[in-house]
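Student: There's a structure below that I have some questions on.
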Amino acid sequence: MNGWLVVLAKAPHPGRVKTRLSPPLSSLEAAELYRCLLLDALDESAAAAVTLGLEAVVAVDPPSATAEFAAQAPAGFRAIAQASGELGARMSHVARQAAAAGAPFALLRGSDSPCLDRVVLRDAVAVLTGADLVLCPDRDGGYNLVGLGARALERGPSGGLFDHPMSTPAVLRDTLVRAERLQLAAGQLAPGFDIDRYRTCVGWPLSDSSGGKFPVRGRLPFSINEGSGRLRACRDPRSRRGHRSCSCPHENLLAPPTIVG
């Protein structure tokens, strides 16, 4: 049985994702930004799963969107429904499913972290060879990835590893404290970041450590001007429908672009 690589995903419906970006973004623009971030996460995870020999899983919220994700996610993904409740309860549910399937470990990653690429996922797997738990911290005190080894899969969900508020500056600390109580050895990766607030959105670097562009910058059908909050419509000549379409290869995934320039 292979380890699981799980993308925790939401259907990119306006008003239900990235609500803290509105204003200055409209709910439609925030949803489109999230959709592009999600596509990047799925593409990177699909490539990493092949390279590392992992089972690619997308855990979907709301459950009613599971069939749509299964049909339109990149090849190799299996879609499962997230449970109801708070994020911690949903993460525990996914971990239980991985353990029940006999997975030796599971990586649970977010879908809004541009720096969380296949290299970071490879490093997370490597850390788990000598630790029960691995975390990739965010700048805001949370984390964008948690890897659970066999002992953590066994003890974590039943032991309350994620039974604490998940949207606070103390999330990383609280998880590490609970891991210590469960006698789980934890490792950490170099910090990354996620896109939760507008100041982060306008401030993320244009290139990663290898000098390559973040894919989401090429997919997003508007530009974000630092400081002004003004949006500019995409004029990509490859777009088949003018500025109302992005040119990414999965442009029909779940919801078509609805940005109005």
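Values in this text are rule-based calculations from the coordinates and carry no lab data. As the structure is a prediction and not an experimental result, all values here were calculated from the model. All Cβ positions, even for glycine, are placed from backbone atoms using ideal geometry, and neighbour counts span all protein chains on display.
Student: For the pair Thr168/Ala67, report the inter-label distance in nm, with labels modelled 7 Å from Cα in the Cβ direction.
Tutor: So the two model labels end up 4.0 nm from each other.
Student: Going highest first, how would you order 109-116, 188-195 by mean Cβ packing within 10 Å? Before the final figure, lay out the partial values.
Tutor: On the way: 109-116: 23.8, 188-195: 17.5.
Result, highest mean first: 109-116, 188-195.
Student: How do Met1, Met91, Met166 line up, fewest other C-beta atoms within 10 Å first?
Tutor: Working: Met1 9, Met91 24, Met166 17.
Exposure proxy ranking, most exposed first: Met1, Met166, Met91.
Student: Please arrange Thr168, Thr129, Thr175 by counting, for each residue, the other beta carbons lying within 10 Å of its beta carbon, fewest first. Please list the in-between numbers first.
Tutor: Working: Thr168 13, Thr129 9, Thr175 22.
Ascending Cβ contact count within 10 Å gives the list Thr129, Thr168, Thr175.
Student: Considering all alpha-carbon pairs of the range 4-206, what whole percent are spaced by more than 29 angstrom? Numbers along the way, then the final one.
Tutor: Values: 3526 of 20503 pairs.
The calculated P(r) of the range 4-206 puts 17 percent of pairs beyond 29 Å.
Student: Same structure again: How big is the gap, in Å, between the Cα center of the range 1-71 and the Cα center of the range 97-112?
Tutor: Here the answer is 15 Å between Cα centres.
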